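Colleague: Here it is, the structure, as structure tokens.
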Amino acid sequence: QVQLVESGGGLVQAGGSLALSCAASGRTFSSYAMGWFRQAPGKEREFVAAIDWSGNNTYYANSVKGRFTISRDNAKNTVSLRMNSLKPEDTGVYYCAARNTGVIVTLEKFYAYWGQGTQVTVSS
């Protein structure tokens, strides 16, 4: 069983930056691929970014590519999402998720564990 706890959300003006963090329990964190998803009001949850078990491979949604950076620290059981040049359309609840394997995927149905989410609001 893996427990995930997100932190770092908040209110920021357009063009600003935020850094989200996800702390994971479990001794096998380093074997899991990790992802970030988000859900805007009235919309379905969508993929944002993912990182494989090693941290050497990442993948981003087109909407955030070049602005967001996902990273992980396997020694500290954490995964982070650095968000720059934020836009109002980035507003939503951001979720951290973990797979049972180390390979990146973008579909949420392949992620076994989820955090509670953290709110990110970008004002115009």
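The values are calculated or read from the model by the stated rules, or taken from the named source; none is laboratory data. Here the structure is a predicted model, which is why all the values come from computation and not from measurement. Every residue, glycine as well, gets a Cβ built from its backbone with ideal geometry; the counts of neighbours run over all protein chains shown. Surface areas here come from the heavy atoms of the whole protein model, side chains and all, with no ligands, DNA or RNA. Shrake-Rupley method; radii C 1.70, N 1.55, O 1.52, S 1.80 Å.
Colleague: So, in region 30-41, exactly how many residues are at pLDDT 95 or above and either surrounded by fewer than 17 Cβ atoms within 10 Å (Cβ to Cβ) or of a type in the set (D, E, K, R) (or both)?
Modeller: Summing the residues that are at pLDDT 95 or above and either surrounded by fewer than 17 Cβ atoms within 10 Å (Cβ to Cβ) or of a type in the set (D, E, K, R) (or both) in region 30-41 gives 3.
Colleague: Would you please list the contacts, defined by Cβ atoms under 9 Å and residues six or more apart or on different chains, that run from a residue in region 2-18 that is without any contact (Cβ under 8 Å) to a residue 60 or more places away in the chain to a residue that is open to solvent by 30 Å² or more (accessible area, probe 1.4 Å) and of a type in the set (Gly, Ala, Ser)?
Modeller: As it stands, the answer is none, since no pair meets every condition given.
Colleague: Failed condition for residue 55, given (1) part of a strand (DSSP E or B); (2) touching an Asp or Glu at 6+ places or on another chain (Cβ under 9 Å), with all others met?
Modeller: Of (1) part of a strand (DSSP E or B); (2) touching an Asp or Glu at 6+ places or on another chain (Cβ under 9 Å), only one is false for residue 55: (1).
Colleague: Just the residues that are open to solvent by 50 Å² or more (accessible area, probe 1.4 Å) and out of contact with any Ser or Thr (no Cβ under 9 Å at 6 or more places or on another chain), please, taken from region 1-29.
Modeller: Within region 1-29, 27, 28 meet the criteria.
Colleague: How many of the residues making up region 41-73 are touching a Leu at 6+ places or on another chain (Cβ under 8 Å) and either among the charged types (D, E, K, R) or under 19 Å from residue 112 (Cβ atoms) (or both)?
Modeller: So the count comes out to 5.
Colleague: Something else about it: Using the structure shown, decide if residue 70 is in a loop (DSSP other than H, G, I, E, B) and buried (at least 18 other Cβ atoms within 10 Å of the Cβ).
Modeller: no
Colleague: Could you figure out which of (1) farther than 17 Å from residue 18 by Cα; (2) crowded, with 18+ Cβ neighbours inside 10 Å isn't true of residue 48?
Modeller: With respect to (1) farther than 17 Å from residue 18 by Cα; (2) crowded, with 18+ Cβ neighbours inside 10 Å, residue 48 is out only on (1).
Colleague: Give me the residue from region 82-123 that is basic (Lys, Arg) and assigned to a loop (DSSP other than H, G, I, E, B) and, out of that set, least open to solvent (accessible area, probe 1.4 Å).
Modeller: 99
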